[in-house]
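One structure is given here, and the rest of the page talks about it.
The values are calculated or read from the model by the stated rules, or taken from the named source; none is laboratory data. These figures come from a predicted structure and were not determined experimentally. For neighbour counting, all protein chains shown are included, and Cβ atoms are generated from backbone atoms with ideal geometry for every residue, glycine included. Ligands, DNA and RNA are excluded from the accessible area calculation, which covers all protein heavy atoms including side chains. Shrake-Rupley method; radii C 1.70, N 1.55, O 1.52, S 1.80 Å.
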Amino acid sequence: MRKNNIVLVGGGSTWTPGILKAMTTHLDEFAISRIVLYDIDEKRQEVIGEFAKILFEEEAPEIEFLYTTDKEVAFKNVDFVFCQMRTGGFDMREKDEKIPLSLGVIGQETCGAGGFAYGLRSIRDMEEMVKDVRRLSPDAWILNYTNPAAIVALALDQLFPKEDKILNICDQPVNLLRSFASLIDHDVNKFEPVYFGLNHFGWFTHIYDETGKDRAPEIKEIILNGGFRPVDAEQRDQSWLETYAMVEDMLVDFPDYLPNTYLQYYLYPEYKLAKLDPDWTRTDEVRIGREKKVFEECRRIVSNGTAKDSKVVHNDAHGDMMVEVAASIANNSRKTFVVMVRNEGIVSNLPEDSMIEVAASLGANGPAPYAVGKIDTFYKGLIENQHAFERLTVEAYMEGSYTKALQALTLNRTVVDAKKARKVLDALIEANKDYWPELK
């Protein structure tokens, strides 16, 4: 089996230990020669990097490992780029959430005005990274997990229209499939899902098992009679438990399909707004939860010189997915994943140039998406509205257009009111003046 050189962009992320752990446990299907962590935050990455040295010494000493802030080192001679950057860090995420809430609209990391702000920050750094990778490793696969993935995917598709080795992916469909599997005590790896939508804005229409039986009706019935929790509920913060619980509400109102959890913000914006605390958001929860736990554990492992007794650093859906996607490409396995691709007729009554999220087989030549066909008016209307928001957001960035930015926020179902949209936009412009292009 050919050994691969990997760079993980966003090496100081709290998700990095889980990805690295997944790499050590999937070596039989994804062989690795070298792993490099790359981050612009040297101090943050050092904590993860020193932990990783111990992890690989104990579990995969044959792998060459290093961490760096030098892109010339990071991107040279790599086969796969795992990208999970967060432009502006948690300080800017906090503003994404709290500024909209202070002005009477939903504040959320990837949805609504918060996702709009994060998207305009992410595009610039993603464009620069792709250019750096292509200069130093022309044939590398770029597996992008940077949020908000829908906006980033659309922007990259416009900036690099001839690229065929950039794959935008998200772990929420995998998280949901794992949780569905636990409801019926089934192996998630034997599911064949049918899914359509945009990133963080989609639905499972069918979930077939290995016999060809559709298990979606059974799963819906269980949720409607007993609620819904993530399979890893004991590891989740309270906000995630509340997020999964909303799937039951969405099924009561719209029973056709199993919804992505993020749809709650678009279907029930007033209800969700009333439940969100403008002084205590998801960023605060992460800082005292996952962030604190992961960094304390990495420091403990470094102090003790061993990772063998860790119950915090383990495989998770995110890490497993990233490695399994890379393995399917490297080995031409053609396994099925939910990924983002240019529509081009896959959903026959949606815009051809929209970046949709659908099931696809994934091999050495990239994704081969499964056709969905025509979707019903309700779902078509929702998706077209959301796609228009995403396209206007990208155009606002490309053209430096205040008008298109205002149009985007006015269209978004979490905002709707143009006067609110203007107030939020002006506040976000001030907060993001070091990151956004000038909007005129």
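Restricting the first member to segment 280-299 and to residues that are under 12 Å from residue 238 (Cα atoms), and the second to residues that are part of a helix (DSSP H, G or I) and among the polar types (S, T, N, Q), the beta-carbon pairs closer than 8 Å and six or more apart or on different chains are 282/239; 285/238; 285/239. Going through (1) over 20 Å from residue 320 (Cα atoms); (2) within 19 Å of the chain's Cα centre (by Cα); (3) open to solvent by 10 Å² or more (accessible area, probe 1.4 Å) one by one, residue 174 falls short only on (1). Selection within segment 133-151: residues that are assigned to a strand (DSSP E or B) and among the hydrophobic types (A, V, I, L, M, F, W, C). The member of this set that is farthest from residue 170 (Cα to Cα) is 141. Would you confirm whether any residue within segment 184-197 is polar (S, T, N, Q) and at pLDDT 95 or above? Within segment 184-197 (the criterion being polar (S, T, N, Q) and at pLDDT 95 or above), the answer is no, since none of the residues qualifies.
For (1) modelled with pLDDT of 95 or more; (2) on the phi < 0 side of the Ramachandran plot; (3) polar (S, T, N, Q); (4) surrounded by fewer than 17 Cβ atoms within 10 Å (Cβ to Cβ), each residue gets a yes or a no:
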residue	(1), (2), (3), (4)
23	yes, yes, no, no
29	yes, yes, no, yes
36	yes, yes, no, no
42	yes, yes, no, yes
45	yes, yes, yes, no
56	yes, yes, no, no
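Taken together, 177, 143 contain a single residue that is touching a helix residue (DSSP H, G or I) at 6+ places or on another chain (Cβ under 7 Å) and closer than 22 Å to residue 80 by Cα, which is 143.
Restricted to segment 271-291, and to residues there that are among the aliphatic types (A, V, I, L, M) and under 19 Å from residue 44 (Cβ atoms), the residue that is farthest from the chain's Cα centre (by Cα) is 288. Being assigned to a helix (DSSP H, G or I), within 23 Å of residue 15 (Cβ to Cβ), open to solvent by 20 Å² or more (accessible area, probe 1.4 Å) and without any contact (Cβ under 8 Å) to a residue 24 or more places away in the chain is a property that residue 242 lacks.
Residue by residue through segment 249-270, note down the ones that are under 23 Å from the mean Cα position of the chain (by Cα) and part of a helix (DSSP H, G or I).
250, 263, 264, 265, 266, 267, 269 - these are the residues of segment 249-270 that are under 23 Å from the mean Cα position of the chain (by Cα) and part of a helix (DSSP H, G or I).
When we screen 353, 426 for residues that are among the charged types (D, E, K, R) and over 20 Å from residue 118 (Cα atoms), the only hit is 353.
Among residues of segment 204-228 that are within 14 Å of residue 194 (Cα to Cα) and surrounded by 14 or more Cβ atoms within 10 Å (Cβ to Cβ), those with a Cβ under 8 angstrom from a residue that is among the polar types (S, T, N, Q) and modelled with pLDDT of 95 or more, sequence gap 6+ or separate chain, pair up as 216/205. The combined condition, being open to solvent by 40 Å² or more (accessible area, probe 1.4 Å) and either touching a strand residue (DSSP E or B) at 6+ places or on another chain (Cβ under 9 Å) or assigned to a loop (DSSP other than H, G, I, E, B) (or both), is not fulfilled by residue 197.
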